[in-house]
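Everything below concerns the one structure shown next.
None of the figures in this text is laboratory data; all of them are computed from the coordinates on show. Being a predicted model, the structure only gives us computed values, none of them experimental. Cβ placement follows ideal geometry from the backbone for every residue including glycine, while neighbour counts extend to all protein chains displayed.
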């Protein structure tokens, strides 16, 4: 009797391939998979998905590239459904969810006129008892801890986040902004954060949103030993994330004193300023008392947006606040990589309208597992941190990427690297810097190009000129 293939393995492969709309090699699938599969097993899973017509394969041997076919993702076609760039119209990418999550999903997708209007339920917050109530089961918390624990857990707070800072800064800024409908691409976000270049034709508010995320993430990492679930941290996170985005500049970093409405929901937040302040203090006190970092993070993701303590930017605050325990305790951060916008919104609506956390919990757990897969691969590629490379990591990565995207051959690349070193690196570091960059360029292959935010198509085009 043939051995049954665990559905989670096929789902994991599909999710990995879905992250590369232009096509992906088996090496890149393996590096972003999220679960451990031997290469031969992965080859069989890919072949099975191709046979099922859930994937499309082009090329042969090492040149094979896999893409999602229209039947390889969950399809929903209700009126007004979202579409995702790179996929056929009206195709929605969703994550695997629990039966409880499915019930919530269906409930919040009912036409808005069929959903009962509700207000803020204080009892939902009052019922939570730190270290006695748990939104995340022990099994889930232990699994996430096993995945997210880093070798340097005993080092000073923020050590792990600093090691992967360049990647984290781009990932978290882009993904958190994307969940708000921001249309900047990942590459455009990278250029904005590293070069300060805005994208022509984009709304200025989109660039401001991403730059605000950069400032907020820098606060979390640079002050890792001081920040926590207190008024200073959360109010200043809001001030940084909302800078130049609110109608009233004085509202940045302040609890709201006016009513707010939320589009697309029948939930109506609290309106009385005194009650908002009281519940805000209770949320911070409760979060501070929670000992488990994952429970603490998820509690913040549930209750900060539910209260809506600020005039706007509440969900962004909750997503960055969720990273507080991870950065402080040197756990893998949560960057929301690959999280579908609709799945996140459905989870939040389940909290708003039903006080049900199961769907948002499914999103949180899946997102954390995905982030762990991303950053464990980054750490393996980095090895033991070299202080010199750490100091120049952003500049090295930028120059390597420019060499590839510029289609430079060896002669032109050597001249370009020397010129950039002369412009940006001190005399005493210049020779070593040139050596490091040239070594990185010479060592590029399909299995490590994600380190430099390069796409497979960019690498293949460049490789043909590399002589």
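Annotations for the structure displayed:
- For the chain, share of DSSP beta bridges that run antiparallel, in % to the nearest 5: 75
- Rounded, prolate or oblate (a/c below 1.5 giving rounded, otherwise prolate when a/b exceeds b/c) for segment 275-318 by Cα gyration tensor: oblate
- Rounded, prolate or oblate (a/c below 1.5 giving rounded, otherwise prolate when a/b exceeds b/c) for segment 254-339 by Cα gyration tensor: oblate
- If the segment from residue 197 to residue 103 were pulled out straight at 0.36 nm per residue, it would be longer than the present Cα-Cα gap by 29.5 nm.
- Segment residue 147..residue 113, full-extension length gain: 8.0 nm, with 0.36 nm per residue of separation and the alpha-carbon distance subtracted.
- Crossing angle, helix 99-108 versus the chain [Cα axis fit, 0-90 degrees, rounded to tens]: 70
- Among 449-457, 424-432, sorting by the average number of other beta carbon atoms lying within 10 angstrom of each residue, highest first, gives 449-457, 424-432.
- Available extension along the chain between residue 414 and residue 272 is 44.7 nm, counting 0.36 nm per residue and deducting the alpha carbon span.
- Think of it as helices only: each DSSP H run of n ≥ 4 in the chain is worth -39500 (n - 2.57), and spread over all residues that comes to -17000 deg cm²/dmol at 222 nm.
- The value of relative contact order for the chain, using C-alpha pairs under 8 Å at least six residues apart, is 18 percent.
- Relative packing of peptides 319-331, 172-184, 257-269 - highest average C-beta neighbours within 10 Å first: 319-331, 172-184, 257-269
- Packing, taken as the mean count of other beta carbons within 10 Å per residue, orders the peptides 240-253, 362-375 from highest to lowest as 362-375, 240-253.
- Alpha-carbon centroids, segment 131-203 and segment 305-327: separation in whole Å: 14
- Cα long-axis angle, helix 186-195 against the chain (0 to 90 degrees, to the nearest 10): 80
- Remark: spin-label model distance residue 121-residue 291 equals 2.9 nm, labels positioned 7 Å along the Cα→Cβ axis.
- Helix 7-18 axis, angle to the chain major axis (alpha carbon atoms, nearest 10°): 70
- Applying 1/(1 + (r/R0)^6) with R0 = 30 Å to the Cβ-Cβ distance of residue 422 and residue 244 gives a FRET efficiency near 0.25.
- Each label point was placed 7 Å from the Cα along the Cα-to-Cβ direction; for residue 57 and residue 431 their separation is 5.0 nm.
- In this simple spin-label approximation, residue 208 and residue 137 carry label points 7 Å from Cα along the Cα→Cβ vector, and these lie 4.5 nm apart.
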